[in-house]
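In what follows, a single structure is set out as structure tokens and then discussed.
The values are calculated or read from the model by the stated rules, or taken from the named source; none is laboratory data. Quick caveat: nothing in here was measured; it's all calculated off a predicted structure. Glycine also receives a Cβ, built like all others from the backbone with ideal geometry; neighbour counts cover every protein chain displayed.
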Protein chains: 4
Amino acid sequence: MLERSDFLIAAPAGLAARFAAVRAHSARLAAPLSAEDCAVQSMPDASPVKWHLAHTTWFFETFILERFEPSFRAFNEAFRVLYNSYYNAVGDKFPRPERGLLTRPPHHEVLAYRRDVDARMAGLLQRALPPDAWALVELGLQHEQQHQELILTDALHLLSRNPLYPIYDPKAAPEARGGELEWVAFDAGIAQIGHEGAAFCFDNETPRHRQFLEPFELASRLVTNAEYLAFIEDDGYRTPSFWLSEGWALINNHAITQPLYWHRLGDAWHTFGLRGLAPLAPEAPVLHLSYFEANAYATWAGARLPTEFEWEHAAIARPDLPQLFGTAWQWTSSSYAPYPGFRAQEGAIGEYNGKFMVNQYVLRGSSLATPEGHARPTYRNFFPTYARWQFTGVRLAK
Amino acid sequence: MLERSDFLIAAPAGLAARFAAVRAHSARLAAPLSAEDCAVQSMPDASPVKWHLAHTTWFFETFILERFEPSFRAFNEAFRVLYNSYYNAVGDKFPRPERGLLTRPPHHEVLAYRRDVDARMAGLLQRALPPDAWALVELGLQHEQQHQELILTDALHLLSRNPLYPIYDPKAAPEARGGELEWVAFDAGIAQIGHEGAAFCFDNETPRHRQFLEPFELASRLVTNAEYLAFIEDDGYRTPSFWLSEGWALINNHAITQPLYWHRLGDAWHTFGLRGLAPLAPEAPVLHLSYFEANAYATWAGARLPTEFEWEHAAIARPDLPQLFGTAWQWTSSSYAPYPGFRAQEGAIGEYNGKFMVNQYVLRGSSLATPEGHARPTYRNFFPTYARWQFTGVRLAK
Amino acid sequence: MLERSDFLIAAPAGLAARFAAVRAHSARLAAPLSAEDCAVQSMPDASPVKWHLAHTTWFFETFILERFEPSFRAFNEAFRVLYNSYYNAVGDKFPRPERGLLTRPPHHEVLAYRRDVDARMAGLLQRALPPDAWALVELGLQHEQQHQELILTDALHLLSRNPLYPIYDPKAAPEARGGELEWVAFDAGIAQIGHEGAAFCFDNETPRHRQFLEPFELASRLVTNAEYLAFIEDDGYRTPSFWLSEGWALINNHAITQPLYWHRLGDAWHTFGLRGLAPLAPEAPVLHLSYFEANAYATWAGARLPTEFEWEHAAIARPDLPQLFGTAWQWTSSSYAPYPGFRAQEGAIGEYNGKFMVNQYVLRGSSLATPEGHARPTYRNFFPTYARWQFTGVRLAK
Amino acid sequence: MLERSDFLIAAPAGLAARFAAVRAHSARLAAPLSAEDCAVQSMPDASPVKWHLAHTTWFFETFILERFEPSFRAFNEAFRVLYNSYYNAVGDKFPRPERGLLTRPPHHEVLAYRRDVDARMAGLLQRALPPDAWALVELGLQHEQQHQELILTDALHLLSRNPLYPIYDPKAAPEARGGELEWVAFDAGIAQIGHEGAAFCFDNETPRHRQFLEPFELASRLVTNAEYLAFIEDDGYRTPSFWLSEGWALINNHAITQPLYWHRLGDAWHTFGLRGLAPLAPEAPVLHLSYFEANAYATWAGARLPTEFEWEHAAIARPDLPQLFGTAWQWTSSSYAPYPGFRAQEGAIGEYNGKFMVNQYVLRGSSLATPEGHARPTYRNFFPTYARWQFTGVRLAK
């Protein structure tokens, strides 16, 4: 556990408003979904939306209210196990693949849980607390924003399994940007990598350290649906030399021949997304690729994926590069590993990032599903190589 | 498809009222459950309650309205695939293990589907139709009654996976009957087995035929929780000689040490059921046993399971035997097989029973979850040997 | 354990010679195979030939020498676990799927083990022993004969996985018998089923008891390759209505489109067998079918599989029926179950048959791989419904 | 395919002798094993020794004889598929998990295959060939040396599954080195990483490039059995905070509580190895750890695993560091990835390394099973994180 400081301070300016805004945004994201939609888990990697709504609330209750609220009482003792995600240090966890079995508590009770915790947090935010407390509130908000993206990716996956092709938001679409792909060159040299300054960052963005970069070039935009279709039509999914060996086995074992949400209806390609089923938009970025698909495409295109260090250096040196943020997470060839000198925090909060640093690959940027203000050039997202249900795309490097 | 007859007749007396009553009972069974409860599938062998409500309706729409209603139009074309269970002849089927992904159509729309089909059926029941039609209506009602039992078994399984131990009906409990177990003797001879007469039966109850029975004895009542507990306490689950080889492997691979819904809380045994969690009732029948557990218990007790022919003969010869019906389905040692001369009907309806006649075992009687009027001495229920989520119990034979 | 009797008798006439002959036959069956061939296990259901050679020897050592030989000492203590098959009462068992890992003891040491036990048994056979002992020797010989068939089926399976199509015996082939299929009719009545008399039988053939048989007809010969090919060419493997539901799932999940050892090379069908690869012989019996394939064929042919009682009754009433024995085991529609009044023997020997009496189906007759003198009309072979690597065929009934 | 050069040269000095020596060493490694030992595959990740002997020979036949031998004829056409490992470009491959089914060709025929190819290669080595050819011969020898290590690791795994604890070589043991562990410090700076010069290296060691290293310290020796035992006794396998999340799941799902070849017999720890079973040697290096175990130990010890760049830099800067080579492969925290500017070769040879560059981790150094002369500071070995059957150990870093 973090040590409680000796002195107390008021909440940083704007934190209470920000707390209210972030929390309200989660509820807004769930609004187009029914209680049924929010209860079901479509695969072990995804969680029910109701679970996301409850778990983010549990985070504030467990790590803040329980420690700083006078005469704390749990909203419901059972929730302490039900909505713990992966914090071994906090106690028992409900098994992840069974989250979709929790039809009780009902949806409205989870909403009541949110309102209760919000009200108590609002009270706490008016008081003076140790500086730790405010840092934890900020961490809780960043955590909730991560789950806001998962609400969308997990809901989309559920809806995608429904033959009725339900629509979540008829206006949702990624930025389309075709035209000539250009290569932006960067010189060799030592780059400073990692977060700097007082603003919030996750522990995995630190310590700031040095990486030597050989000269490289980065694509001016993301790979488009039209470009990816050319790969498919050039027998991309049937040519082993484009693929990593493990990826070749995976696509053959699972009969994968196209991106996750592509559908061939009659003669025409369509994509499923938050706005439902739509004809494939040629200039829109290709989305929902696994690392293996991203890598195979890059090999076919005579290019490669960037390292996360190249990406970060470029994003800082050339912030005018299109589609860095807000369109699609961009696979890098960097496996998720601690930076030199990285130390996980003590206690449960220390389980946030470090223990996942193996057999996953770093994605940089952010997607159309990432909440406003959550992304930054040093941000490190990460997923296993087979993951396809996130808003993942490709920016090429050479 | 059944051939349409040349002449038309009115519905048998009482059929319209019976239709209304059976259909209303399904809705009543679902009433204590939320839309969330009804949407979730807790395992591939179980189906969501919403699916049961829709599929039973689909049966009437597909096999009756579509054939006999003038200017038929489907309530929703998509439902024809979504709610087909296993009739290959009718067309595509939605995959069974994914029934729990169908959060759309929403619960209220399925209820509207029921009301629509009910209204149209009520109209049809006032008309003159070929005799086939009325036979199919009766089959549809019997089919719905089977699903009424599954609504309860599947809902119970879902609730059982919830650590909050939700209650479905505080008054639901099987008949308790302890006291000395007596053996009722039957002489050897040729028994007539199978359905006779004009009343409804399923095809698997025919043709009526002869079976020679050697002399046997049947227990006067079902095995109780207290008796089964003695088996457990005598190392029943740790002694291989009580078990069929496949059963021994199963309980070891799945770490099974007690019936499905038994819980040891502190020092006391409890059972979970429709009324929630309750201390183990010693004189209540032991429930939710697999065939392997039933057989192991019988071996331990120096007895055996009856054959389905012994059971049927006894039930007809001694209808005063306690707990024949309404308490628990009773495992027999008979594998589910066609009677001599059995022929499945032509067409989709012929898929009802025959194609399941392998690697399943016959259960006789009926349970507390079986709707009134659905059981009879010749009725053949059947499940795979590992199944435990049904209301299954044991009556011993010698 | 069987109780040792109070009095001693000499071995029955001819037992010593029979012992020597049966044991020598096992070695002869292994002779065409290399030490490598004998060491490898091609699937969990099959065992290495070396294991069969050792296990049958272990049976005599454990159940006879250890109990009746003065100053018994095990040939090798380790073999007591390594070569126990499934007798829980005897102690630990080496896991079945890992039998193929036992490259030590080497092949020649297992042969030495056989010679040592044979010599000691030869000595014992000259002495007077309790009658039990001689019964156990006979059981051991019958047991060894069962493994002689498995030596052939398991070796064939191993060789079948080798793209070099190795030949075991160029002269081995089942009896071919085409021509018009005739139907032999039998009247209804009470049949006496099960073994009678003093000759050896397995416990599962007893007690002799009565079964009522409705009138039936039995095919005069087995189904031929040509007939089965007609089923395939009539879309037999693509038409669900011919198949039991579980069988339909199985052939689709495993992409099964033909019998286990059929190969389509260019335009011509071939079969693999003990004599290697050969063009399909139209009048030879179709072999290596699962229960599901046998049943689907029968359905397609407008017939059915016989029950084991029909088969036994016919084999006794009409012993001149062709291909009853020595060609192919014949699937029956009877699940493997105890006869009325069946009791397993006490002790380890009692594990021989009874504990397998679930989810398996009875095969009657015998095959080209069955040793001379091992079959009889009351013999009950049994395998799970998916099994295809035995010499299994079809005789139709109506 | 590599282009054939226009001019021809004689083989480099010593290549013919080296060819003979390396090839003879493989046969020597197989000599203590029987034909049975060499035929069996103990798990899908391992291959039979016979397969290694044949596949290394296939490499010379396919990539050298077939291209450079006048009037080439395959020793056996079937071997072209049977002994292709993973070269998609060369044609069909026999499935890896089924290599253990190939009891034919027999062991002696594979030895004859080796002799035949050796004789023909000896002839070729006397001739003038394009420079490519000699490079390929060297690649073939390096490839064979890699398989020499696998012959030992795979044979050890097979023997480890045998309850008789067979001995391969009573004198085989890793170097023991206890005493105080010291930390050797290295300054920050740009390191040159990767192979330089004309000597042989694998493509994955190139291109030579720059990496910035922050200051670090490296342990003076490997972690010992005694130290690892202290980790176990401090509840190392029961404390989630030491483990990566995926590793924690793995050891719990597979009930892993100790290194692969550790056995607790009575009160005493033993290890199984090439010399059979022996009491645990406290100062010997701990061997046969997965990446997860190595990482968990390092976390427990307050240290970490080195990166592959740190290891390489240290091995070049301080070649006097003990146990760099010849004791145990040392897990690094670097995932296996291409160096900047890496390009796989064209054609089948290009499949050697690049397509495995995902979800594996780099090991540096070499082990007691690595053939003499095969290791160097820039060598990159790699295995998936769960692999335990290699001679893998731990050198700590800070």
*Please work out if B:Phe186 is surrounded by fewer than 20 Cβ atoms within 10 Å (Cβ to Cβ), in contact with a helix residue (DSSP H, G or I) (Cβ under 9 Å, 6 or more places away or on another chain), within 14 Å of chain C (Cβ to nearest Cβ) and in contact (Cβ under 8 Å) with a residue 24 or more places away in the chain.*
yes
*So which residues in segment B:189-221 are more than 14 Å from chain C (Cβ to nearest Cβ), out of contact with any Asp or Glu (no Cβ under 7 Å at 6 or more places or on another chain) and in a loop (DSSP other than H, G, I, E, B), if there are any at all?*
B:Glu196, B:Gly197, B:Ala198, B:Ala199, B:Cys201, B:Phe202, B:Arg221
_Check on C:Phe309, in the same structural domain as C:His209 (by TED's automatic domain parsing), in a helix (DSSP H, G or I) and within 20 Å of the chain's Cα centre (by Cα)_ = yes
*Within segment A:209-243, work out how many residues are closer than 24 Å to A:Arg364 by Cα and touching a residue at least 60 places away in the same chain (Cβ under 8 Å).*
16
_Unique match (being among the polar types (S, T, N, Q), assigned by TED's automatic domain parsing to the domain that holds D:Gly365 and in a strand (DSSP E or B)) among D:Thr257, D:Thr271, D:Thr299_ = D:Thr271
*B:Ser245 being hydroxyl-bearing (Ser, Thr, Tyr) and under 14 Å from B:Thr385 (Cα atoms)*: yes
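Kindly evaluate A:Phe200 against the criterion of being within 30 Å of A:Ala135 (Cα to Cα) and within 23 Å of the chain's Cα centre (by Cα).
Working: within 30 Å of A:Ala135 (Cα to Cα): yes; within 23 Å of the chain's Cα centre (by Cα): yes.
Yes, satisfied.
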*asked:* Restricting to segment A:249-261, give me the number of residues that are without any contact (Cβ under 8 Å) to a residue 12 or more places away in the chain and either away from every other protein chain (no Cβ under 11 Å) or under 22 Å from A:Asn225 (Cα atoms) (or both).
replied: 4
*Hey, can you tell me all the residues within segment B:18-46 that are in contact (Cβ under 8 Å) with a residue 12 or more places away in the chain, farther than 17 Å from B:Arg161 by Cα and of a type outside the set (A, V, I, L, M, F, W, C)?*
B:Arg18, B:Arg23, B:His25, B:Ser26, B:Pro32
_Extreme residue, nearest to A:Ile193 (Cα to Cα), among residues of segment A:305-318 that are among the charged types (D, E, K, R) and crowded, with 20+ Cβ neighbours inside 10 Å_ = A:Glu312
*Quick one: C:Ala317 ticks every box in (1) closer than 30 Å to C:Pro174 by Cβ; (2) within 21 Å of the chain's Cα centre (by Cα) bar one, so which box is it?*
(2)
*Which one of D:Ala301, D:Ala294 is in contact with a strand residue (DSSP E or B) (Cβ under 9 Å, 6 or more places away or on another chain) and small (Gly, Ala, Ser)?*
D:Ala294
*Boolean, D:Thr56 is part of a helix (DSSP H, G or I) and closer than 25 Å to D:Gln41 by Cβ*: yes
_Single unsatisfied condition, C:Glu205 versus (1) in contact with a helix residue (DSSP H, G or I) (Cβ under 9 Å, 6 or more places away or on another chain); (2) crowded, with 21+ Cβ neighbours inside 10 Å; (3) assigned by TED's automatic domain parsing to the domain that holds C:Ala301_ = (1)
*Report the residue count in segment B:222-236 for those that are more than 14 Å from every other protein chain (Cβ to nearest Cβ) and assigned to a loop (DSSP other than H, G, I, E, B).*
3
*Got at least one residue in segment A:1-17 being part of a helix (DSSP H, G or I), in contact (Cβ under 8 Å) with a residue 24 or more places away in the chain, surrounded by fewer than 22 Cβ atoms within 10 Å (Cβ to Cβ) and among the β-branched types (Val, Ile, Thr)?*
no
*Does segment A:1-18 contain at least one residue that is among the hydrophobic types (A, V, I, L, M, F, W, C), assigned by TED's automatic domain parsing to the domain that holds A:Arg104, under 27 Å from the mean Cα position of the chain (by Cα) and under 22 Å from A:Leu150 (Cβ atoms)?*
no
*Would you point out the residue of segment C:28-53, among those that are of a type in the set (A, V, I, L, M) and under 18 Å from the mean Cα position of the chain (by Cα), that is farthest from C:Arg96 (Cα to Cα)?*
C:Leu29
_Residues that are in contact with a Cys (Cβ under 8 Å, 6 or more places away or on another chain) and within 14 Å of chain B (Cβ to nearest Cβ): does segment A:16-32 have at least one?_
yes
_Single residue of segment D:82-120 satisfying the filter (over 25 Å from the mean Cα position of the chain (by Cα) and touching a residue at least 60 places away in the same chain (Cβ under 8 Å)) that is surrounded by the most Cβ atoms within 10 Å (Cβ to Cβ)_ = D:Thr103
*asked:* Going through D:Tyr261, D:Tyr237 one at a time, which residue ends up being of a type in the set (Ser, Thr, Tyr) and under 20 Å from D:Tyr168 (Cβ atoms)?
replied: D:Tyr261
*Counting only residues that are in contact (Cβ under 8 Å) with a residue 60 or more places away in the chain, within 19 Å of D:Thr392 (Cβ to Cβ) and among the charged types (D, E, K, R), how many does segment D:347-376 have?*
1
*Quickly run through segment C:76-105 and pick out the residues that are in a loop (DSSP other than H, G, I, E, B) and either at pLDDT below 95 or away from chain D (no Cβ under 14 Å) (or both).*
C:Glu77, C:Ala78, C:Tyr83, C:Asn84, C:Ser85, C:Tyr86, C:Tyr87, C:Gly91, C:Asp92, C:Lys93, C:Phe94, C:Pro95
*Could you tell me which numbered condition A:Ala337 fails, if it satisfies all but one of (1) under 22 Å from A:Tyr87 (Cα atoms); (2) touching a residue at least 40 places away in the same chain (Cβ under 8 Å); (3) not aromatic (Phe, Trp, Tyr)?*
(2)
